[in-house]
Every structure is written in structure tokens, then in C-alpha cells.
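This report concerns only the one structure given below.
The values are calculated or read from the model by the stated rules, or taken from the named source; none is laboratory data. Here the structure is a predicted model, which is why all the values come from computation and not from measurement. Cβ atoms come from the backbone with ideal geometry, glycine included; neighbour counts cover every protein chain shown. In case anyone asks, the SASA skips ligands and DNA or RNA and just uses the protein heavy atoms, side chains included. Shrake-Rupley method; radii C 1.70, N 1.55, O 1.52, S 1.80 Å.
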Amino acid sequence: SGVTTVTGAAYVTGVALTTNGGIASSGTTSLTGAAYLDGTNALTGATTASGGFTSSGVTSITGALTTGSTVAMTAAVTVSGNLAASGVTSITGALTADSTVALTGVVTASGGMTSSGVTSITGALTTDSTVAMTAAVTVSGNLAASGVTSITGALTADSTVALTGVV
């Protein structure tokens, strides 16, 4: 129930991982089963969660995060490495990413989304807060934003784009 600190590699392969106090990992973290993290989570190495990733606390990822299943984050999320998700991605808090973001499933960011790297979204992106993207953005699904939307790089979309706030 306290903070779990892993200074080397952490491998959890068969079962769900539940931490109530958060997890801090400075090495490679590989989660094959579902991960449920409700405290502060600081992952400074590459992180792979092939079984899904759920966080209700502040999540900070310095290395790349790759997940092949559902990603649900309800607090602020900072990714200074890459973020790649092939499942449903739901972010209630703010998402800040300064490298490549590749989301291939449905994406909901109700707390805002900031990306300074290349952003590629294959599924629909829905956000009701600030969207700030400073590099190239590709959306092959729908893009719906009801908050302030600022895109410094190119925006390419092959489906519906609905922007109801300041653009």
C-alpha cells in the first residue's frame, strides 16, 4: 500500500498489478497483465504494458510508454518520451507529451492534450479542454475539440473535424 520503488528492471508477466501507493521505476518496466496504479507513478525507463494501463494518480513517464490495450488515466499525465497506444485511450487529466504520440484506438482527453512531437491518431480524438500541438498532427479518425485548439504544425485529417472553441 506504500510507494513501490524499483531501481532495476521490473517484470510482471502473468497477473494483474495493483499498487495503491504508486510505483517508481528507474529501469525498464514490462507489464504483461493489466496494471492498476492509484498513487503517484514515476516511470523513468521504457515502459511496456501489453495488458492495459490504468492510473488514478499523477503519472510521469520519462521513457517511452507502449501499450497494446486500454489506457485510462484520470490525473495529470506527463510523457517526456514516446507514447504509443493501440487500444482505447482515456485521459481525464491533462496529457503533456514532448515526443512522438501514436494512438490507434479511440482517444478521449477531457483534461486537455499538449504535444510537442509528431502526433498520429488513427481513431477518433475527443477533447473538451485545451489542445496544443506544435508538430505535425495526423488524424485519420474524427477530431472534436470544444476547448482552445492550437496547432503549430500541419494538421491532416481524413474524417470529420469539429472545433467549437477558439482555434
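Brief remarks on what is shown
- Hey, Thr108 part of a strand (DSSP E or B) and within 18 Å of Leu65 (Cα to Cα) or not: yes
- Matching residues, segment 78-102, being part of a strand (DSSP E or B), small (Gly, Ala, Ser) and under 17 Å from Thr29 (Cα atoms): Ala84, Ala85
- Checking Ala84, Ala109, Ala64 one by one, the residue that is open to solvent by less than 40 Å² (accessible area, probe 1.4 Å), over 24 Å from Leu17 (Cβ atoms) and touching a residue at least 12 places away in the same chain (Cβ under 8 Å) is Ala109 and no other.
- For Ser56, the criteria (1) under 21 Å from Val118 (Cα atoms); (2) small (Gly, Ala, Ser); (3) open to solvent by 30 Å² or more (accessible area, probe 1.4 Å) hold in every case but one, which is (1).
- Verdict on Thr100 being under 20 Å from Thr74 (Cα atoms), open to solvent by 30 Å² or more (accessible area, probe 1.4 Å) and β-branched (Val, Ile, Thr): no
- If you go through segment 137-153 and keep only what is open to solvent by 50 Å² or more (accessible area, probe 1.4 Å) and among the small types (Gly, Ala, Ser), you end up with Ser146, Ser150.
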